[in-house]
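Quick note: the coordinates plus some simple rules give every number you see, no bench work behind them. The structure displayed is predicted, hence computed values, not measured ones. Positions of Cβ are backbone-derived with ideal geometry, glycine not excepted, and every protein chain shown enters the neighbour counts.
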Amino acid sequence: MVNIISVCGFNCSKCPAFKDNISGEQDRKKVDEGWKKYHRTKGWVYDDPYCLGCFANKIIEPLWRKCYIRGCAIQNEVKNCGYCADYLCNRLSYLINHMEKLAKSAREIANKEDYSKFAEPYLGKERLDKIHKDAISQNSIKETPPVVEAADFPADLNFLSEIYLEKINRESHERGLKALYGILKNLLTLKSNTPGERDYERKRIKELTKILYFIGKDGKIIEEKDNTYIEISLDSIKNSIKKGKFAIRSRLDKLESHGIVFEFTEDDSKIKMSFSEEHKGLPISYVLKAYIQFLLENNGERKAYTLFSNADMSQYMK
């Protein structure tokens with residue numbers, strides 16, 4: 001029989017639950033016992049007499065009908081994860097690591113026959129690596145263009161608020177606002193190629209914009225000889241986003257790839273935020289606070305944050 005490879009790299013042809021490998025209740029009982037022993041499951045818990053595989057038609061669903069990875073492949077129109085531009089994604093990596101751990105445990109207790117049935121068919125990374133390598137060489141990887149989830153920048157600006165304009169003139173304010181918009185637009189651009197990875201990216205972006213919002217809202221402008229930055233206590237961020245110090249550091253590291261610079265004070269009690277060299281000379285720290293306060297002046301807290309999280313500056317329009 002020609003090897004049939006599932007979406008996630010399983011070898012269906014050697015899987016004991018596959019339709020071609022089950023001829024009756026006795027075979028099904030062996031699968032039930034094997035899954036309990038080697039996969040640490042409750043056994044066969046499905047109504048289906050066998051698995052039809054990932055490629056069954058949509059009317060007759062396969063055993064793994066709720067499989068997230070299969071659903072992602074269908075939605076992304078790829079027949080196999082190896083053909084995906086986001087290979088290896090987080091979900092697939094988790095599955096591969098999980099199956100490798102089970103196989104390692106099975107090797108210690110299984111005989112050769114059981115190992116070939118309940119472990120080897122599910123070790124798919126090597127198969128997927130080859131498929132992905134071949135797909136790249138044949139230029140058959142489907143690329144998806146980035147998706148920008150930021151509002152458009154206003155064509156005509158009208159500064160209805162005088163916040164911080166005693167510190168910076170209108171021209172600098174406008175240049176700083178455009179630079180801030182560029183930072184937010186870059187942050188709000190989804191670069192992943194699959195629906196699943198984009199869902200993950202949206203969650204990450206939501207956390208990052210929330211941190212930036214609360215720093216701009218609650219932080220204090222500090223002027224130094226060569227720099228202007230926003231300072232905020234670590235406890236204030238912890239209370240705002242309900243995350244610990246390690247998680248906050250991890251998210252600040254991600255923000256730094258968007259032109260934002262963070263520095264902890266010596267006692268780690270406060271965070272200082274400024275902007276990278278490419279924005280040198282622009283009053284973005286002032287503009288960030290002015291923008292958020294401007295949103296709060298004209299909206300409630302919830303709507304102000306929603307507008308900020310979409311980089312929506314339409315209220316500046318004339």
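Of the candidates Thr189, Thr209, Thr144, which one comes out as most mobile in a Gaussian network treatment of the chain with C-alpha springs shorter than 10 Å?
Thr144
Using 1/(1 + (r/R0)^6) with R0 = 41 angstrom and r between the beta carbons of Ile241 and Lys36, what's the FRET efficiency to the nearest 0.05?
0.45
Which one is right for this structure if Kirkwood radius over Cα pairs in Å is calculated from it: (1) 19.4; (2) 23.4; (3) 21.9?
For Kirkwood radius over Cα pairs in Å, the calculated option is (2).
In nm, what is the difference between 0.36 nm times the number of residues separating Glu297 and Ser314 and their Cα-Cα distance?
Value of the extension gain: 4.7 nm.
To the nearest 0.05, what FRET efficiency results for Glu171 and Glu256 with a Förster distance of 25 Å applied to their C-beta separation?
Efficiency computed from Cβ-Cβ geometry: 0.30.
Can you find, among Leu184, Ser116, His98, the residue farthest towards the positive end of the dipole of the chain? Put +1 on the C-beta of Lys and Arg, -1 on that of Asp and Glu.
Projecting each Cα onto the dipole axis, the largest value belongs to Ser116.
How are the Cα pair distances of segment 147-316 distributed, in percent, across 10 Å bins from 0?
10, 39, 38, 13, 1
Using amide H atoms built 1.01 Å from N in the peptide plane, name the residues 5+ places from Phe18, or on other chains, whose amide H lies under 5 Å from its own.
Placed amide hydrogens put Cys51 under 5 Å from Phe18.
Helix-only estimate, please: 222 nm mean residue ellipticity of the chain, summing -39500 (n - 2.57) across DSSP H runs of length 4 or more and dividing by its residues, to the nearest 500.
Helix-only estimate at 222 nm: -15000 deg cm²/dmol.
Efficiency by 1/(1 + (r/R0)^6): what FRET value for Ser13 and Asn90, r their Cβ-Cβ distance, R0 = 30 Å, to the nearest 0.05?
The calculated FRET efficiency here is 0.60.
Quick one: if you stick a label point 7 Å off each Cα along the C-beta vector at Lys142 and Val2, how many nm between them?
About 2.1 nm, to one decimal.
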